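Comments concern the structure below.
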Amino acid sequence: MIKKPDRAESFKPKCLLTDRQPAYTATGFIVPCCWVDNPWGMRDDFIKRFYDPKMHIDNNESVMEIMNSDLYNEWWDMLINRPEEAPDICKKYCGSKLEDKVTKHDTYISKKGNK
């Protein structure tokens, strides 16, 4: 049996460690990344806070006002100082072991005679 890696074990937030940018949702909110903008992400109590009406772009002077809000400061503090508290969706997309050699292999089947 193949054991799946514990992604929480090696959590490396791409929003902190790479140039991954926050996402602007179709409903007018700035969220930490596009991966959290889905029903599974929105079930998390912390992520739900990014969808509070006071965080809506129309209720702020600028994107920078949102990015410098207490909520975002709490978010970054949590990721840096208490990464074990990160939402499961973050651990799913930003957790892996570097030695995991996950590869993809595509196989194409064509009709006889076609190359």
Is the stretch 7-94 rounded, prolate or oblate when judged by the Cα gyration tensor, a ≥ b ≥ c being the square roots of its eigenvalues, rounded requiring a/c under 1.5 and prolate requiring a/b larger than b/c? prolate
Extension gain Ile57-Asp45, at 0.36 nm per residue separation less the Cα-Cα distance, in nm? 2.3 nm
How far, in nm, would the chain grow between Trp76 and Thr27 when pulled straight, counting 0.36 nm per residue and subtracting the alpha carbon separation? 15.3 nm
Cα-based shape type of the stretch 37-83, given that a ≥ b ≥ c are square roots of the gyration tensor eigenvalues and the cut on a/c is 1.5: oblate
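FYI, it's all coordinate maths here, none of it is from the lab. Nothing here was measured: the structure is a model prediction, and the numbers come from that model.
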